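Colleague: If you scroll down you'll find the structure; I have some questions about it.
The values are calculated or read from the model by the stated rules, or taken from the named source; none is laboratory data. Please read all numbers here as calculations on a predicted model, not as lab measurements. Cβ sites come from the backbone with ideal geometry, for glycine too, and all protein chains shown count toward neighbours.
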Amino acid sequence: MEPVILAADLSIAWPELFVAIGAMCLLMVGAFQGNSSAKMISWLVVVVLFVAGILVIAGPDGHVVGFNSLFVVDEFAAFAKILLLMGAALTLILAMPFNAREGIPQFEFPVLILFAVLGMMMMVSANDLMSLYLGIELQSLSLYVLAAIRRDSMRSAEAGLKYFVLGALSSGIMLYGMTLVYGFAGSTGFDNLAALFADQAHEGAPIGVIVGLVFIIAGLAFKVSAVPFHMWTPDVYEGAPTPITAFFAVAPKIAAMALFVRVMLEPFGDLFDQWQQVIWFIALASMLLGAFAAINQTNIKRLMAYSSIGHMGFVLVGLAAGNQTGAQGVLLYLTIYLFMTVGTFACILAMRRQGRMIEDIDQLAGLSRTNPKMALALAIFMFSMAGIPPLAGFFGKYYVFLAAIQAELYTLVVVGLLSSVVAAFYYLRIVKLMYFDEPLDAFDAPVGREISMIVAGTSVITTLFIFILWPVLNGAATAAAALFAL
Amino acid sequence: MESFPVLSLTIFLPLVGVLFILIVRGDSETVDRNVRYAALWTSVTTFVVSLFLWINFAYTTADFQFVEKHEWIPAFNISYHLGVDGISMFFVLLSTALTPICILASWKSITTRVREYMIAFLILETMMIGTFAALDFVLFYIFFEGVLIPMFIIIGVWGGNRRVYSAFKFFLFTLVGSVLLLAALLALHFEAGTTDIPTLLAMQFPLEMQRWLWLAFFASFAVKLPMWPFHTWLPDAHVEAPTAGSVILAGVLLKMGGYGFLRFSIPMLPLASEQFTPLIYTLSIIAIIYTSLVALAQEDMKKLIAYSSVAHMGFVTIGIFTATQQGIQGGIFQMLSHGIISAALFLCVGVIYDRIHSRDIARYGGLVERMPKYAFVFMIFMLGSVGLPGTSGFIGEFLVLAGAFQDNTWVALLATTGIILGAAYMLYLYRRVIFGKLEKADLKNILDLEPREIAIFAPLIVLVLWMGLWPQPFLDVMDASVTNLLQNYQAALSAAGNIAVVGR
């Protein structure tokens, strides 16, 4: 390869390069300085994420591919990267006081998050099945370790192991699907695949490709924890340390969903008729399971796991629509989901009594008397997740369902909306506990400056989302248009 | 008036009050007192501002007035569009008038978490006014749904023993209806490419689509109104809500359903409305007769009034769907009149509930001996509810029945039996509570109305009598808009009829 071309290739991957170099440098710093430097490294990781975000924004306009079409940068990738960088930075900030207190001193923690983020950025920018897999594995391996980072805790180790076994299985299935696609289509590049299927559109794709596609969908559905590949989610959410759960709930979900959308719409866009029914089903099943299975949960982390399954179902409705409004709705929903989820987990992290973490939902009883501000914030997040206007969650649902109406998926719309009523029941139950019931002992105070600020910030954004809806929607529109420009 | 955003001011003034309430500091007694005054003054100011709407109202036009339009999400043709016409103007006034009354009524009965209570009420006021003033469907839906949050909190925190059950039932029932409305809204948005209500009003939709949309609208508005058999949340919510919560629920929230039928179902979906009129008639008549009979058997005062609300709302739906000038004007008038009378009746229950802490009819009797003023006030509203000539209730029911008679005599006949039953259960209630022997020991020391309570009831009495004796100013406001609504409705029907004839 000519050096000139290499320089051009490198120039579009500045954010990824920066994160990779940053991660390795910080790993060295940690290795030499030991665990005492964990806090400093954490803050440096936040700085790296922030700078990477700026580099993403400063990146090239339009659709640029590099590294022999393995890697793509466009508005869609940029939008998703900004979201996942924000999610990672916010959850890392949440994790710092927790780690200091609960005895997770390892400096590897922030570094692993940085590696995971690198994998996610790679996923979002993948333009080839190979680079896609590379990104997914880099991400997943970091996440397996993070889930089990509390080596001496049975729950944490179990969560990590479970996540690893099931995750490896799903990666294997996806890889098998990719080989099938490669075998029948003769290429792994997204551009080649798209061109090939566009030619074959009238005669239909070979059956091997369809089987491979279904396997790929199964693997991706696992990563976004959509039904029926959701079983790991509640256990891992419950077992992993809470800040890790917060991280799991946000950044990897956003990255995997963005990847899902790109894979479905770009290389396999012309096989829409074949995959639409599959996505239709997993969206429907996720919404329903997310709504019904959460009702009986008593552990707030498990509840959030089912809640996130439900949310992913709603997001997948936008994908099932398969049109530009749908992709736009997906991005808008993910943005809103980011703020709601980070805020909720910040509240969960503040649930401590006598120095111990509380995860039982009933322990929230009477929070509106003992800690009115936190109760208000959590109530805002719950109402928003239930999709009650004027809060942010409503607008996410509005746009994915608008896309579904455009695609004439009426059953999906009606069942989805009704399942949101069922889901409203358990969100309301939390509000009921906080506002209607008699108070228990107060949670430990103070909750910490970082947590308070994140709770305040995200709840204000969730409440006043009306005012920033238009710019976010505009950004999402540009990003979605990038997917359909080719 | 284009330049002065009086509607936005009315909508968001209560939120300014909320900000004031949030910054009140001091010991708890001072805070409670200051919060009450802040809420009262905010709501009174809002009411005064909203009076400008009536004073500057142009009677001759059917167009929307005080219009404000700003771009919000231009790519999807969603805008911040406000305005009122002859149909919605009084509902805005009803909301702004009842809120200060509610705040006064809660002055002494709410002693815990006063700050949160007043905040909830002021947010509720914003949402209510917004619902009636919105001229964009998405904006309408945001306000319409947003009402649920403060009301859920009001019932659940300050309600009676079964408040949790009632709050959930209220929220979830309404939400089921609302999400179907949302589905219809999405379909309209996609079909028309805009959510601007005046634009949507001018469009024609195919019959098949109208049917589905109509049913989705119906699901939401029939729950909200409520119509039989979707009314079961109402008695629970009313019984458990604090007095002021019941007042707002009966006075304003129920009217959102009727307003929805008038603003959306009839003008946007005329063909489907025409087809489904028999369904509405049937359900309304069942509501009127059945719930009146149920009311007759109630032991709980609030429950009795709640069931009477369902019956009275039956008249409203009949009036609206007669699609005659009298019927629709009567329906609107009946909603306003019921908004005042039922609110006042709940306040009447609240007065004795504050003293004795019971809503059981059997706990009372002979109150006239100790509480003559109260007996008088209660009598006026009781008679208003019965529909005695000279009260506002009479005008509403009479116009509705006059409209119904033109359309279908059987409907008129059956609906009239509801008036008789209404007289029966209200007079029976009045006899048991006010007359009879004063036997219970604790009733012997019960105190009559205090000045604050008189101040609450006085404006309501004036309104009931004014609307009953001289309804013309109210009807004049509606006239142009209703005429226009009917013209468009008839034009749409005859256009569809012509197509059908040509098609043959």
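Colleague: Against the condition in contact (Cβ under 8 Å) with a residue 60 or more places away in the chain and either of a type in the set (Gly, Ala, Ser) or away from every other protein chain (no Cβ under 11 Å) (or both), how does residue B:197 come out, does it pass? Walk me through how you get there before you give the answer.
Modeller: Details: in contact (Cβ under 8 Å) with a residue 60 or more places away in the chain: yes; either of a type in the set (Gly, Ala, Ser) or away from every other protein chain (no Cβ under 11 Å) (or both): yes.
Considered against the rule, which asks whether it is in contact (Cβ under 8 Å) with a residue 60 or more places away in the chain and either of a type in the set (Gly, Ala, Ser) or away from every other protein chain (no Cβ under 11 Å) (or both), residue B:197 comes out as yes.
Colleague: Restricting attention to region A:446-486, report how many residues are surrounded by 14 or more Cβ atoms within 10 Å (Cβ to Cβ), within 25 Å of residue A:348 (Cβ to Cβ) and not polar (S, T, N, Q).
Modeller: Result for region A:446-486: 11.
Rundown of residues vs (1) crowded, with 21+ Cβ neighbours inside 10 Å; (2) at the interface with chain B (Cβ under 10 Å from one of its Cβ atoms); (3) at pLDDT below 90, yes/no style:
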site: A:342; (1), (2), (3): yes, no, no
site: A:353; (1), (2), (3): no, no, yes
site: A:385; (1), (2), (3): yes, no, no
site: A:389; (1), (2), (3): yes, yes, yes
site: A:408; (1), (2), (3): no, yes, no
site: A:435; (1), (2), (3): yes, yes, no
site: A:444; (1), (2), (3): no, no, yes
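Colleague: Now for a different question. Suppose we keep only residues that are crowded, with 23+ Cβ neighbours inside 10 Å and more than 9 Å from chain A (Cβ to nearest Cβ) within region B:153-162. Which one would you say is farthest from residue B:178 (Cα to Cα)?
Modeller: Among them, the one singled out is B:158.
Colleague: Filter region B:185-194 for residues that are of a type in the set (A, V, I, L, M, F, W, C) and facing chain A (nearest Cβ under 10 Å); which is farthest from residue B:266 (Cα to Cα)? Reasoning before the result, please.
Modeller: Start the filter on region B:185-194 by keeping residues that are of a type in the set (A, V, I, L, M, F, W, C), which leaves B:185-188, B:190, B:192.
Next cut, facing chain A (nearest Cβ under 10 Å) only: B:185-188, B:190.
Values: B:185: 15, B:186: 19, B:187: 17, B:188: 15, B:190: 20 Å.
Of everything passing the filter in region B:185-194, B:190 is farthest from residue B:266 (Cα to Cα).
Colleague: Please give the number of the condition residue A:420 fails out of (1) small (Gly, Ala, Ser); (2) within 8 Å of chain B (Cβ to nearest Cβ); (3) surrounded by fewer than 22 Cβ atoms within 10 Å (Cβ to Cβ).
Modeller: It is condition (3) that residue A:420 fails.
Colleague: Is region B:104-113 home to any residue that is at the interface with chain A (Cβ under 10 Å from one of its Cβ atoms) and on the phi < 0 side of the Ramachandran plot?
Modeller: Initially, region B:104-113 is screened for residues at the interface with chain A (Cβ under 10 Å from one of its Cβ atoms), giving B:112-113.
When the remaining residues are screened for being on the phi < 0 side of the Ramachandran plot, the result is B:112.
Yes, the conditions are met somewhere in region B:104-113.
Colleague: Select, from B:87, B:73, the only residue that is more than 20 Å from residue B:263 (Cβ to Cβ) and either in contact with a Leu (Cβ under 8 Å, 6 or more places away or on another chain) or not polar (S, T, N, Q) (or both). Reasoning before the result, please.
Modeller: On the way: B:87 fails: more than 20 Å from residue B:263 (Cβ to Cβ).
After applying the criteria, what remains is B:73.
Colleague: Under the condition of being of a type in the set (Gly, Ala, Ser) and assigned to a loop (DSSP other than H, G, I, E, B), which residue from region A:125-150 is farthest from residue A:112 (Cα to Cα)?
Modeller: Going residue by residue through region A:125-150, those that are of a type in the set (Gly, Ala, Ser) are A:125-126, A:131, A:135, A:140, A:142, A:147-148.
This time we only want the ones that are assigned to a loop (DSSP other than H, G, I, E, B), so: A:125, A:148.
Numbers: A:125: 20, A:148: 12 Å.
Out of the qualifying residues, it is A:125.
Colleague: If you don't mind, another one. What residue, among those in region A:44-78 that are modelled with pLDDT under 90 and among the small types (Gly, Ala, Ser), is surrounded by the fewest Cβ atoms within 10 Å (Cβ to Cβ)?
Modeller: A:62
Colleague: Scan region A:391-402 and tell me whether some residue there is surrounded by 24 or more Cβ atoms within 10 Å (Cβ to Cβ), facing chain B (nearest Cβ under 10 Å), under 23 Å from the mean Cα position of the chain (by Cα) and not in a helix (DSSP H, G or I).
Modeller: yes
Colleague: Tell me which residues, restricted to region B:166-179, are facing chain A (nearest Cβ under 7 Å) and farther than 10 Å from residue A:421 by Cα.
Modeller: Here is the first cut: in region B:166-179, the ones facing chain A (nearest Cβ under 7 Å) are B:168, B:171-172, B:175-176, B:179.
Residue satisfying the conditions is B:168 alone.
Colleague: Next question, about the same structure. Given the options A:460, A:472, name the one that is part of a helix (DSSP H, G or I), among the aliphatic types (A, V, I, L, M) and either touching a strand residue (DSSP E or B) at 6+ places or on another chain (Cβ under 8 Å) or within 12 Å of chain B (Cβ to nearest Cβ) (or both). Walk me through how you get there before you give the answer.
Modeller: Values: A:460 fails: either touching a strand residue (DSSP E or B) at 6+ places or on another chain (Cβ under 8 Å) or within 12 Å of chain B (Cβ to nearest Cβ) (or both).
Answer to the selection: A:472.
Colleague: Right, another one. In region A:176-195, which residues are surrounded by fewer than 20 Cβ atoms within 10 Å (Cβ to Cβ), out of contact with any Gly (no Cβ under 8 Å at 6 or more places or on another chain) and of a type in the set (A, V, I, L, M, F, W, C)?
Modeller: Within region A:176-195, just A:195 meets the criteria.
Colleague: Looking at region B:115-152, which of its residues are of a type in the set (Asp, Glu) and either outside any helix (DSSP H, G or I) or at the interface with chain A (Cβ under 9 Å from one of its Cβ atoms) (or both)? Show your work before the answer.
Modeller: Restricting attention to region B:115-152, the residues satisfying the condition of being of a type in the set (Asp, Glu) are B:116, B:125, B:136, B:145.
Across region B:115-152, the qualifying residues are B:116, B:136, B:145.
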